[in-house]
Amino acid sequence: MAEGMGDWPTGRLLSTASRVVEHAWYDALAALNLTHAGLIVLHLLEAGPLPQVELARTARVEAQTMSRTIDRLERSGYVTREPDAGDRRRRSVTRTAAGVRVFEQARRIESELFPEVADLDGFRTTLLSIIRTGGNGSARP
């Protein structure tokens, strides 16, 4: 352990760990010509095609933000957009074979990049609790 870090407050440790992980993760994704937002879209499409508006709603982003993310994924060959079969005004987004492969690569990299945690389920539960409470101990809607 780096000298002195053992005495750091938990919030500082969490913040520093977050930045270290974020930089390493973003660099690994960039090597795949992928962004974190793009990875989220590819994950949401794992169960099959979805309308673009549904992707934006599920990812909790504005339609314009989702459109830019999908544009980039489309340029990279990871998704295609076609008129939605149920509503021709909407666009349905589908992962391509390349999109499936890059998603699987990203998942493998994730497991290789991050350190092993003895109680991963407990760690994830704690992280989810921090996220849900906004770090202030009270649940947000």
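The values are calculated or read from the model by the stated rules, or taken from the named source; none is laboratory data. All values derive from a computational prediction rather than experimental measurement. Here Cβ is always computed from backbone atoms with ideal geometry, including for glycine, and neighbour counts include all displayed protein chains.
Worth pointing out:
- Where a residue in region 75-88 is under 28 Å from Thr35 (Cα atoms) and its partner, wherever it lies, is hydrophobic (A, V, I, L, M, F, W, C) and part of a loop (DSSP other than H, G, I, E, B), with Cβ under 8 Å and at least six apart: Ser76/Leu34; Tyr78/Leu34
- The combined condition, being over 25 Å from Arg108 (Cα atoms), aliphatic (A, V, I, L, M) and without any contact (Cβ under 8 Å) to a residue 24 or more places away in the chain, is fulfilled by Leu13.
- Filter result for Ala106 (in contact with a Leu (Cβ under 9 Å, 6 or more places away or on another chain), surrounded by 12 or more Cβ atoms within 10 Å (Cβ to Cβ) and free of Cβ contacts under 8 Å to residues at least 24 places away in the same chain): no
- Once region 93-108 is narrowed to residues that are farther than 20 Å from Ser67 by Cβ and of a type in the set (Lys, Arg), the residue that is modelled with the highest pLDDT is Arg101.
- Just so you know, in region 33-91 the residues that are closer than 21 Å to Ile109 by Cβ, in contact with a Lys or Arg (Cβ under 7 Å, 6 or more places away or on another chain) and of a type in the set (A, V, I, L, M) include one that is surrounded by the most Cβ atoms within 10 Å (Cβ to Cβ), and it is Val79.
- Going through (1) in contact with a strand residue (DSSP E or B) (Cβ under 9 Å, 6 or more places away or on another chain); (2) assigned to a helix (DSSP H, G or I); (3) surrounded by fewer than 12 Cβ atoms within 10 Å (Cβ to Cβ) one by one, Phe123 falls short only on (1).
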